[in-house]
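Structure record follows, encoded as structure tokens.
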Amino acid sequence: MKKLQILAGLFVLLLAFSCESLLIPGDPAGDPVANFEFLWREVDSKYAYFEFKSIDWDSVYNVYRPQVRSDMSEQEFFDLLADMLYVLRDGHVNLTSAFDRSRNWSWYLDYPENFNGNIVSRNYLAEDYRISGPLHHQVIDSVLYVYYASFANEISQANLDALMDAAQDLKGVIIDIRSNGGGSSANAHALASCFTPDTLLYGWQRIKSGPGKEEFSPWSALRIYPRSGKRFDGQLILLCNRNSYSAANLFAQMMKALPHARLVGDQSGGGGGIPAFGELPNGWLYRFSATQTITPEGEHTEGGIPVDMRVDMDPMDEAAGIDSIIEAALQLFRNS
Amino acid sequence: MFWAQKRLSAVFLLLLLSGNAVLFAERGHFLIAQAGLDHAAQRDKSMSPLAYGGSGIATGIAYEHGGRSSMDFFHLSFQSGEIRNRYGNSCSYQSVAFRNYTFYPKQGESGNATVFGWSNINAFHRYVNAAYGNYADRLNYYTLFGPAFRYALPFRIGKLQFHMQLPVDLQILGFYLRPSYISNRPSGYLDPENSAFMAWLRSVDLFIPGRDWHFSLNPQLNLMLGSGGRLSLTYQYQFVRIAKPELFVQSKGTWYISLVTKL
């Protein structure tokens, strides 16, 4: 009977309490000092571009740590962390709370916009353009002009088939990714697969593998694979501006590797590192670049992909409803 | 949930304290179908410093064989649910586990005794953080071995015959695969030069008792049916602590209702 009681007691103990949570230690302190230390350490051990950008993160600690006070308001503390992260000069670095999202957008705000959506919409796509999923296209002077606003918008194989059908027997294709802020690299690969008959190496990538500043995995090859359906093997021009970022930057890198493609406009904005996410003890989310990407020649793409022909929007043209960059691309086809 | 558990425990307590031991033999082959609820709490420092907890559903299928010299139990289970931190950020999770126990009763003894044996657990556990745009998923895998014992107690209340048992195991030997420093891919798979085997070999870590922990206890109450089968209520609890590359701790309990059919 005694055994029975002991066993019953054990049984009851298990049943009576939701003991699952009891064996997990409590959450760390959520005060400003603990949160600052946590974020600084995370960036210190996982950010990918300290060496490339010549950033002394220890000195950043020495500047900002003395400014942290336990009696700071949430807003004050957020702004302090945002200022610290701004030092990284990286569009893939954000701190997100319920009331704000920190960012550094100097990589495109410090440069000419080189894009006017109204002009593209009214004067180039006009009324009768085709909409194949996220790809808006129009035939202009026997050239297929394709506008893709965001790599976050998924491209289906049927969309690509429609695009390839539209491009057949034309002089060439212009793909416009100006002010395309990125999205999914899968869409970049899908679109690029339409323009190569062979598997093509377009770069290398590596990821942080430990806390050391130069502790990375070995480089992995980045390749474009030709799609099995219809493709276009003719001349190709990619239009970029400084606001072509992240997955758009990766797409520009792919196009740069194609022998029959040219990049026109301004260089892309960069964002060669894939951001890793995390959260602070106080629940705020952050992200920062945790990988590096380079071209086949070994150049980092964090600062953008240079164009083959630099063209800026002419204010006189823009006032007259003309997109100088599209016109330059069309002229290249006329000359070829 | 808490009050339901309390009521349930009171019923068990009454049942157990008023019961009389009867002989119970577990010979034969049994097939077990299970359905239930899962409750998990965990902290994976590679994903967040915060603890996540929540609930899900669970299903399982098992085969049990009671012989003269050994009792074997093979269990395949699946759990799926959602866990949240205290600020509301959520992860979906799925777990698949295959575990087996072998107990060795002393000659001539039947099920109403403490028996010793060994256990093996193989588990996949995957969770995806809803707020993370990249590297949002984490996958853990482990294969572990360790000693186990089971205390079994048959008893009767009126004309109803019950059997209670408490299998307990402590894992002491094995290996595990964890995500690498940033990516979900284990470290060996980050090097494109590695063959599939070398990648696996360079990704596994040894389970070191003391640094790493895994134990489980599975109290179970069976109502014996006239057909030779049983209707069971099981609470399967397990605690896991894996130290590398960053600390992962999980405490998980699953309630199962099981129908045991004698084959």
DSSP loop trypsin sites (Lys or Arg not before Pro) in the range A:13-84 with at most 16 other Cβ atoms within 10 Å of their Cβ, which ones?
A:ARG69
Of all accessible heavy-atom area on chain A, the percent that carbon and sulfur account for (1.4 Å):
51
Using all Cα-Cα distances in the protein assembly as shown, what percent lands in each 10 angstrom bin from 0 up to the longest?
3, 14, 20, 18, 16, 12, 9, 5, 2, 0, 0
How many percent of DSSP beta bridges within the range A:87-199 run antiparallel, rounded to 5?
60
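Sum up the charges of everything whose Cβ sits under 14 Å from the Cβ of A:GLN292, counting Lys and Arg as +1 and Asp and Glu as -1, but leave A:GLN292 out. Let's see the in-between values first.
Numbers: positive: A:LYS46, A:LYS53, A:ARG206, A:LYS208, A:LYS213; negative: A:GLU51, A:ASP90, A:GLU214, A:GLU215, A:GLU299, A:GLU302.
Local charge sum for A:GLN292: -1.
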Give or take rounding to whole Å, what are the principal axis extents of the alpha carbon atoms in the range B:32-112, in descending order?
57, 24, 20
Chain B - Rg (one decimal) and Dmax (whole number), Cα, Å
20.2, 69
If you wrap a convex hull around the C-alpha atoms of the range B:59-207 and split its volume per residue, what is the figure in Å³?
165
Solvent-accessible area buried by B and A, counting both chains, probe 1.4 angstrom, square angstrom:
4300
Exposed loop sites here are GluC sites (Glu not before Pro) in DSSP loop states with at most 12 other C-beta atoms within 10 Å. What is the longest stretch of chain A lacking them?
A:1-126
Bounding extents of chain A in its principal axis frame from Cα atoms, largest first in Å, are 94, 55, 40
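In this model, which of B:LYS106/B:LYS262; A:LYS46/B:LYS244; A:LYS213/B:LYS244; A:LYS213/A:LYS256; A:LYS53/B:LYS244; A:LYS171/A:LYS256 are farther than 27 Å apart at the alpha-carbon? All intermediate terms of the calculation are to be shown ahead of the outcome.
Values: B:LYS106/B:LYS262 23 Å; A:LYS46/B:LYS244 17 Å; A:LYS213/B:LYS244 20 Å; A:LYS213/A:LYS256 29 Å; A:LYS53/B:LYS244 31 Å; A:LYS171/A:LYS256 20 Å.
Over 27 Å Cα-Cα: A:LYS213/A:LYS256; A:LYS53/B:LYS244.
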In percent, what relative contact order does chain A have, based on Cα pairs under 8 Å that are 6 or more apart in sequence?
18
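Compute the normalised compactness of the range B:88-156: alpha-carbon radius of gyration over 2.2 N^0.38 Å, N being the residue count. Let's see the in-between values first.
Values: Rg = 19.2 Å, N = 69, 2.2 N^0.38 = 11.0 Å.
The reported ratio for this selection is 1.75.
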For the range B:2-262, the accessible surface attributable to carbon and sulfur atoms (probe 1.4 angstrom, ligands and nucleic acids excluded) amounts in percent to 66
Taking every C-alpha to C-alpha distance in the range A:41-82 and binning by 10 Å from 0, the per-bin percentages run 24, 47, 25, 4
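Hey, can you find the accessible area per residue of the protein assembly as shown for me, probe 1.4 Å, expressed in square angstrom? Intermediate values should be presented prior to the final figure.
On the way: 25640 Å² over 599 residues.
Averaged over the residues of the protein assembly as shown, the accessible area is 43 Å².
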Using only Cα positions of the range A:176-333, each an equal point scatterer, no hydration layer, compute I(q)/I(0) via Debye at q = 0.12, 0.17 Å⁻¹ and quote the log10 values to two decimals.
-0.58, -1.00
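The values are calculated or read from the model by the stated rules, or taken from the named source; none is laboratory data. Bear in mind the structure is a predicted one, so any value in this text is a computation, not a measurement. Cβ atoms come from the backbone with ideal geometry, glycine included; neighbour counts cover every protein chain shown. Surface accessibility is based on the protein's heavy atoms, side chains included, excluding ligands, DNA and RNA. Shrake-Rupley method; radii C 1.70, N 1.55, O 1.52, S 1.80 Å.
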